[in-house]
């Protein structure tokens, strides 16, 4: 049982480290200043890590209490689910992979209000910034999605699918505007959003 408890603690520490937005949402304020690494390398690393964690949890079977066995099986189920979806590479297809952590991360800070409002505003302004490597990958993926949405619209795709693609394009365009503004030297000084930063 002690071995499983240590394994679970190590697993959760790793999960919080690779997804600080989720950790922050769970109330761990030490992660409030961080954003998930959304680079291609990070997504591939998470998949490889999931395979390793799965092996570790599968080998932890033994004389466990019913509660510990449930915890072990829950971790195994989550890791298998992650691995099943790994080949799909949703991060290459869905713009909310990039907008979700930013928007939900900021929303979670103010929803939970575990710290004074002034501190939360500072976190939102300074802490939840996509790192430069992820920014580049995010821009590439979102440009591809926006171009695909334009192509499908021009080809006359059915209205329901067009609505979904327009929604993806709107999200992609919004994030690209923010990324371009962030990357352009001095662009934020005259940017209309400057008053909100």
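The values are calculated or read from the model by the stated rules, or taken from the named source; none is laboratory data. Everything quoted here is computed from the prediction, not taken from an experiment. Note that each Cβ is placed from the backbone with ideal geometry, even for glycine, and that neighbours are counted across all protein chains shown.
Scanning the range 21-60 for residues that are within 30 Å of residue 115 (Cα to Cα) and without any contact (Cβ under 8 Å) to a residue 24 or more places away in the chain gives 22, 23, 26, 28, 30, 31.
For every residue, the table says whether it meets (1) more than 28 Å from residue 120 (Cα to Cα); (2) in contact with a helix residue (DSSP H, G or I) (Cβ under 8 Å, 6 or more places away or on another chain); (3) surrounded by fewer than 16 Cβ atoms within 10 Å (Cβ to Cβ); (4) at pLDDT 95 or above.
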{"site": "7", "(1), (2), (3), (4)": "yes, yes, no, yes"}
{"site": "16", "(1), (2), (3), (4)": "no, yes, no, yes"}
{"site": "37", "(1), (2), (3), (4)": "no, yes, no, no"}
{"site": "52", "(1), (2), (3), (4)": "yes, no, yes, yes"}
{"site": "65", "(1), (2), (3), (4)": "yes, no, yes, no"}
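Condition check: touching a helix residue (DSSP H, G or I) at 6+ places or on another chain (Cβ under 8 Å), surrounded by fewer than 17 Cβ atoms within 10 Å (Cβ to Cβ), part of a loop (DSSP other than H, G, I, E, B) and modelled with pLDDT of 85 or more. Does residue 114 satisfy that? Taking the combined requirement at face value, the residue does not satisfy it. Please tell me if residue 105 is surrounded by 15 or more Cβ atoms within 10 Å (Cβ to Cβ), closer than 24 Å to residue 25 by Cβ and either out of contact with any strand residue (DSSP E or B) (no Cβ under 8 Å at 6 or more places or on another chain) or touching a residue at least 40 places away in the same chain (Cβ under 8 Å) (or both). It is true that residue 105 is surrounded by 15 or more Cβ atoms within 10 Å (Cβ to Cβ), closer than 24 Å to residue 25 by Cβ and either out of contact with any strand residue (DSSP E or B) (no Cβ under 8 Å at 6 or more places or on another chain) or touching a residue at least 40 places away in the same chain (Cβ under 8 Å) (or both).
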